[in-house]
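Report on the structure given below.
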Amino acid sequence: MIKHLRSAADLDAATATLILDTAGEMAALAGREVKKLPTLRGRTVVNLFYEDSTRTRISFEAAAKRLSADVINFSAKGSSVSKGESLKDTALTLQAMGADAVVIRHPASGAPHRLAQWVDGSVVNAGDGTHEHPTQALLDAYTMRSRLGKLDGLNVAIVGDVLHSRVARSNLLLLTTLGASVTLVGPPTLIPLDVAAALSPSAKVSYDLDSVLPDMDVVMMLRVQTERMQDSYFPSAREYSRRYGLDLARMRKMPEHAIVMHPGPMNRGMEITPEVADSSRSTIVEQVANGVSARMAVLYLLLGGKA
Amino acid sequence: MAQPRADTPSKIILSASDLHRVVDRVAHQILEKTSGATGTVLLGIPTRGVPLAHRLAARIHAFEGIDVPVGSLDITLYRDDLRLHATRALGKTELPGGGIDGLRVILVDDVLFSGRTVRAALDALNDEGRPSSVQLAVLVDRGHRQLPIRADYVGKNIPTALSESVRVSLTETDGLDEVRLTGSEK
């Protein structure tokens, strides 16, 4: 088993499948009265969050607690980071406290890779800059597999702000590894062709959402990341949502069985309309529940065995 | 699990027909001791406890026409030796539809050795519900207990040395039925 989960590229098909299978068993345990398992008793998991997050942090916390690990939550606000402490010094502090795993979210791409060089424990990337968010890709793959029964051969559209999306990068890598065919859809200003080609030579690109919808098994909408946009990538929000927003009319162009995904948080009315987000074909709430199972699987597989 | 190598001494303890007779006997004992297997659930411990539990249920059905619910109980997440080995893949836990609350649960495993698997199974069971009682059925008891645990139904007692190992093969998992003792009598 791997030691760190810094990138979806750390996972080969066998390891990724093992994580998804393990997540399935963890999900089965979530249905019972006593949800807690003794597996990681005595292990310490630090949630090191330099960026705001609701679902990812809570999801990791719930996952670690269900496995009986001790959880320390660290958020940059209200810590020594606001006094100017560097990531390295924070890492050494965590190291001295005996963290067995550090779950890190950081605005700088590559921060988890640096952190892994400084601490002895496992490092789990919970989102770094515009780089990667591998556990999101795992829970997305798990959701697709449980809804559609397989991943190999699926046609998946990732729609929207691919340029700034770590979710898109991790999904592109993982889905390609697991045999799905990915099409990136969005305005040309938000599709980095060189990055797409480097991550997955087989990825397709389209600038026309309506033409790809009839062939898709999965349509994954990305959040328009207004906080990361220094320039204007499209003329207006209205034009964006006209061309790339998913509304009921567009959803009807998708095949009967196809599902709609969104990593959250949503800009309702921008990239997705409320009617689509709340429809039975949307897996958005399921994705949150599956997130806990997927992260339990990752923590178990990284920390459960011999160090 | 590796097949015994040709050069390690190995002898057959139970042949296929022996194994079938042993399963038949244990099924009869369960019927006798539980007055007709009423309010009883068989839970196999993966890997080989699961097919054994299904075989016991099938024999009980053949003898008395009673359908005993069968399930599986994976104990990996409850093991006390997780940190001594590389991470293990999880097995399936599937409880019968009626659950286990208020029922007599009979745990089924292939080999009883240190007793630690059964200890983990009792913990796992505790988190799944509250059975009225728990019993243990094993195909082979090879001794060397490290915990105060004993089986209610034993297919065969095999005295072993610690250096030896008992290998149970079942058609469902290994393609043939037999129990072999391998290891080092020098």
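Scan the stretch A:236-260 and report the pairs whose first residue is farther than 23 Å from residue A:188 by Cα and whose second residue is modelled with pLDDT of 95 or more and loosely packed, with under 12 Cβ neighbours inside 10 Å, with Cβ atoms within less than 9 Å and a gap of 6+ or a chain change. Once the first residue is farther than 23 Å from residue A:188 by Cα and sits in the stretch A:236-260, its partners that are modelled with pLDDT of 95 or more and loosely packed, with under 12 Cβ neighbours inside 10 Å give A:255/A:214. Among the residues of the stretch A:158-168, none qualifies, meaning not one is free of Cβ contacts under 8 Å to residues at least 60 places away in the same chain and over 18 Å from the mean Cα position of the chain (by Cα).
Condition check ((1) farther than 16 Å from residue B:40 by Cα; (2) away from chain A (no Cβ under 14 Å); (3) buried (at least 17 other Cβ atoms within 10 Å of the Cβ)) across all residues:
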position: B:95; (1), (2), (3): no, no, yes
position: B:110; (1), (2), (3): yes, yes, yes
position: B:132; (1), (2), (3): no, yes, no
position: B:142; (1), (2), (3): yes, yes, yes
position: B:171; (1), (2), (3): yes, yes, no
position: B:178; (1), (2), (3): yes, yes, yes
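Of the helices (runs of 4 or more DSSP H) contained entirely in the stretch A:211-307, those carrying at least 3 residues that are away from chain B (no Cβ under 14 Å) and touching a Pro at 6+ places or on another chain (Cβ under 8 Å) fall at A:237-244.
Within the stretch A:1-45, the set of residues being closer than 17 Å to residue B:128 by Cβ and part of a loop (DSSP other than H, G, I, E, B) comprises A:30, A:31, A:32, A:33, A:34, A:35, A:36, A:37, A:38, A:39. Quick one: what pairs do we get from the stretch B:127-150, first residue touching a residue at least 24 places away in the same chain (Cβ under 8 Å), second among the acidic types (Asp, Glu) and in a loop (DSSP other than H, G, I, E, B), C-beta under 6 Å, 6+ apart or different chains? Within 6 Å, the pairs are B:129/B:101; B:130/B:101; B:135/B:152; B:136/B:152.
Under 30 Å from residue A:303 (Cα atoms) and touching a Ser or Thr at 6+ places or on another chain (Cβ under 6 Å): which single residue out of B:44, B:49, B:129 fits that description? Selected residue: B:44, the only one of B:44, B:49, B:129 that is under 30 Å from residue A:303 (Cα atoms) and touching a Ser or Thr at 6+ places or on another chain (Cβ under 6 Å). Of the helices (runs of 4 or more DSSP H) entirely within the stretch A:46-165, those holding at least 1 residues that are polar (S, T, N, Q) and within 30 Å of residue A:269 (Cβ to Cβ) occupy A:55-66, A:134-148.
Starting from the stretch B:15-35, take each residue that is farther than 16 Å from residue B:140 by Cβ and at pLDDT 95 or above and list its partners that are assigned to a helix (DSSP H, G or I) and among the acidic types (Asp, Glu), counting only C-beta distances under 8 angstrom and pairs at least six apart or across chains. Hits for this filter: B:31/B:64.
Being more than 10 Å from every other protein chain (Cβ to nearest Cβ) and closer than 20 Å to residue B:82 by Cα is the filter; apply it to the stretch A:6-19 and report the residue that is surrounded by the fewest Cβ atoms within 10 Å (Cβ to Cβ). Applying the filter and picking the extreme gives A:15. Please indicate, with yes or no, whether at least one residue in the stretch A:247-255 is in the same structural domain as residue A:277 (by TED's automatic domain parsing) and buried (at least 21 other Cβ atoms within 10 Å of the Cβ). Within the stretch A:247-255, one or more residues are in the same structural domain as residue A:277 (by TED's automatic domain parsing) and buried (at least 21 other Cβ atoms within 10 Å of the Cβ).
Condition check for residue A:70 on (1) in contact (Cβ under 8 Å) with a residue 40 or more places away in the chain; (2) touching a strand residue (DSSP E or B) at 6+ places or on another chain (Cβ under 6 Å); (3) surrounded by fewer than 20 Cβ atoms within 10 Å (Cβ to Cβ): one failure, at (1). Condition first: in contact with a Leu (Cβ under 9 Å, 6 or more places away or on another chain) and among the charged types (D, E, K, R). Can you find one or more residues in the stretch B:54-66 that meet it? Yes, because at least one residue in the stretch B:54-66 is in contact with a Leu (Cβ under 9 Å, 6 or more places away or on another chain) and among the charged types (D, E, K, R). Being modelled with pLDDT of 95 or more, touching a helix residue (DSSP H, G or I) at 6+ places or on another chain (Cβ under 9 Å), surrounded by 16 or more Cβ atoms within 10 Å (Cβ to Cβ) and within 23 Å of residue A:51 (Cα to Cα): is that true of residue A:181 here? When the stated conditions are applied, residue A:181 does not pass them.
Looking at the stretch A:124-146, is at least one residue over 15 Å from the mean Cα position of the chain (by Cα), of a type in the set (A, V, I, L, M, F, W, C) and modelled with pLDDT of 95 or more? No, the stretch A:124-146 has no match at all. If I filter the stretch A:51-59 for residues that are aliphatic (A, V, I, L, M) and within 27 Å of residue B:127 (Cβ to Cβ), do I get at least one hit? Taking every residue of the stretch A:51-59 in turn, at least one turns out to be aliphatic (A, V, I, L, M) and within 27 Å of residue B:127 (Cβ to Cβ). In this entry, residue A:277 passes the filter for residues that are surrounded by 19 or more Cβ atoms within 10 Å (Cβ to Cβ), free of Cβ contacts under 8 Å to residues at least 24 places away in the same chain and in the same structural domain as residue A:139 (by TED's automatic domain parsing). Filtering B:87, B:38, B:34 for residues that are more than 19 Å from residue B:126 (Cβ to Cβ), among the hydroxyl-bearing types (Ser, Thr, Tyr) and within 14 Å of chain A (Cβ to nearest Cβ) leaves a single hit, B:87.
Assess whether residue A:235 counts as being modelled with pLDDT of 95 or more and either touching a strand residue (DSSP E or B) at 6+ places or on another chain (Cβ under 6 Å) or assigned by TED's automatic domain parsing to the domain that holds residue A:142 (or both). When the stated conditions are applied, residue A:235 does not pass them.
The values are calculated or read from the model by the stated rules, or taken from the named source; none is laboratory data. Computed from a predicted structure; not experimentally measured. With ideal geometry, Cβ positions are generated from the backbone for all residues, glycine too; neighbour counts draw on all protein chains shown.
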